[in-house]
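Student: The structure's right below; bear with me while I get my questions together.
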Amino acid sequence: MFIVELLAAGAADAPQNKFGFAEALEQGGFIAYATVVILGVMSFGSFFILFTKWFEQSKLLRQYNELRSSFWRAPTLKDGAAKLEKNSAWRQIVDDGLAAEDAHSKMTDALEAHDWLHGSLARSEASVNARLASGLPFLATVGATSPFIGLFGTVVGIYRALIAIGIAGSASIDKVAGPVGEALIMTALGLLVAVPAVLAYNYLQARNKRIAELLSGFSTDVLAYINSKGAVRPAVTAAPAPAAKPAAAAPAKQ
């Protein structure tokens, strides 16, 4: 019992931390809270876009790996399109190509028909790329502006520290520790939000470029298939044959 009372008395006599994160926000008032909330919303939005876009890109890449072994084996484009997932980017390009093929018969000039097919597939490809790029401007905006939002909180904290020095008449540590700590926290939060946003933007942008290359190649193959009436199509490698089972050993003769 005596030990418990001694520990409680020691805890009561220990110095309390008055310069923590919550204390800094409380001293900063409305500006500090508003800055933290804005940076929090930016950080949440950045990670939300990162994960949703990553899953969308991964799905497209998986679908491309699947269509390489199944799509071009179909006898016609319509049969190949039936093997693709509905509402996928690859299905969209094929459907738009088939729709353009149905409409190009109205063109009296063969060159105009080719340009019509090429333009239709290019528009379809551009719409997919635009859908993939949605959300990336937000990441770029967060990466460019969040350090300045944190810097705004830093400036306010330094300003409050100068006011405390002026009122006290001396730069004692107990007068400036709170505002200076608030300023440093705002700087750190701004960088903590900006760095992941910039990294996520560059990572997703690189994957979008890779997908754009695959879309362009697939669109070109579809155009060649339509213009050649199926005579020109990419070479499809045969599926690997299943490994043969080892033969059972013959029973030994007695």
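The values are calculated or read from the model by the stated rules, or taken from the named source; none is laboratory data. Computed from a prediction, not measured in an experiment: that's the story for all the values here. Virtual Cβ from ideal backbone geometry, glycine too; neighbours counted across all protein chains shown.
Student: With respect to the numbered conditions (1) under 24 Å from T76 (Cα atoms); (2) modelled with pLDDT of 55 or more, which one is the sole condition not fulfilled by Y201?
Tutor: Here Y201 meets the rest and fails (1).
Student: Between a first residue in segment 86-114 that is surrounded by 13 or more Cβ atoms within 10 Å (Cβ to Cβ) and a second residue that is modelled with pLDDT of 80 or more and not in a helix (DSSP H, G or I), which pairs have beta carbons less than 7 Å apart while being 6 or more apart in sequence or on different chains?
Tutor: Listed by first residue and then by second, the contacts come to W90/L84; R91/L84; R91/E85; V94/L84.
Student: For the structure I just gave you, tell me whether A113 is farther than 28 Å from P196 by Cβ, in a helix (DSSP H, G or I), at pLDDT below 85 and not charged (D, E, K, R). Let's see the steps before the verdict.
Tutor: Values: farther than 28 Å from P196 by Cβ: yes; in a helix (DSSP H, G or I): yes; at pLDDT below 85: yes; not charged (D, E, K, R): yes.
Judged against the criteria, A113 is a match.
Student: Any chance you could count how many residues in segment 50-76 are hydrophobic (A, V, I, L, M, F, W, C), touching a helix residue (DSSP H, G or I) at 6+ places or on another chain (Cβ under 6 Å) and more than 15 Å from A212 (Cα to Cα)? Don't jump to the end; show me each part of the working.
Tutor: The initial filter retains those residues of segment 50-76 that are hydrophobic (A, V, I, L, M, F, W, C), namely 50-51, 54-55, 60-61, 67, 71-72, 74.
Subset that is touching a helix residue (DSSP H, G or I) at 6+ places or on another chain (Cβ under 6 Å): 50, 60, 67, 71, 74.
Keeping just the survivors that are more than 15 Å from A212 (Cα to Cα) gives 50, 67, 71, 74.
Of the residues in that region, 4 qualify.
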